[in-house]
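**Student:** Questions regarding the structure given below will be posed in turn.
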Amino acid sequence: MGMFNNLKLNMRCPVCNKSHDFEIEFKFGLLDLHEYSIGDKVEWPPFGYPTDGRFNGEGYAVCEASPPIEARHEFLVDVLVRNGLIVGAVPRLDREVHIKVELK
Ligand SMILES: [Zn+2]
C-alpha cells in the first residue's frame with residue numbers, strides 16, 4: 001500500500017553537476033520496497049509485464065548534496081529497463097520542472 005521501490009546508483013546531479021549515490025524512488029514492477037541496483041532483474045506482478053522486457057519508468061531523485069527543503073535538488077528520471085534488467089537512469093529535466101535552483 002503506497003509502496004514503491006528504490007534504485008541505488010551513482011549519477012551526476014543535473015543541478016549541482018556532482019556525481020553522487022542516489023536512491024531513486026519508482027513505482028513500477030512489484031511494489032515491495034525492493035532495493036535494486038544496476039543490472040538487477042525487475043520483479044513484476046503477474047499482470048502488466050512488458051513482454052519484450054523493455055520499459056522506461058518514471059523515478060524520483062533527490063541529490064544528497066542539496067540543502068534541505070526549499071533549495072533541494074530534486075528531479076525526475078527515466079529508469080531504463082532493457083531485457084528485463086535495470087540498466088540505468090537518465091534525468092528528465094524536460095518533463096517536470098520541479099527543480100528548485102538556489103538563488104544567490
Ligand atoms: Zn545536486
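**Student:** Within 10 Å of each candidate Cβ there may be at most 12 other Cβ atoms; applying that plus a DSSP loop requirement, which GluC sites (Glu not before Pro) in segment 1-75 survive?
**Tutor:** Sparse-neighbourhood loop GluC sites (Glu not before Pro): 64.
**Student:** In the Gaussian network model of the chain, springs joining C-alpha atoms below 10 Å, which of 46, 14, 91 carries the largest mean-square fluctuation?
**Tutor:** 46
**Student:** Where both residues lie in segment 1-40, what percent of DSSP beta bridges are antiparallel, nearest 5?
**Tutor:** 75
**Student:** I would also like to ask the following. Could you check what % of the DSSP bridge pairs in the chain are antiparallel, to the nearest 5?
**Tutor:** That works out to approximately 90 percent antiparallel.
**Student:** Assign unit charges at the C-beta atoms only (+1 for Lys and Arg, -1 for Asp and Glu), then state the dipole size of the chain relative to its Cα centre in Debye, rounded to the nearest 20.
**Tutor:** Around 280 debye, computed over the chain.
**Student:** I need the shape label for the chain. Rule: rounded when a/c is under 1.5, else prolate if a/b > b/c, else oblate, with a, b, c from the alpha carbon gyration tensor.
**Tutor:** Prolate, because a/c is 1.5 or more and a/b exceeds b/c.
Values in this text are rule-based calculations from the coordinates and carry no lab data. Quick caveat: nothing in here was measured; it's all calculated off a predicted structure. Positions of Cβ are generated from backbone atoms using ideal geometry, with glycine treated the same way; all protein chains shown enter the neighbour counts.
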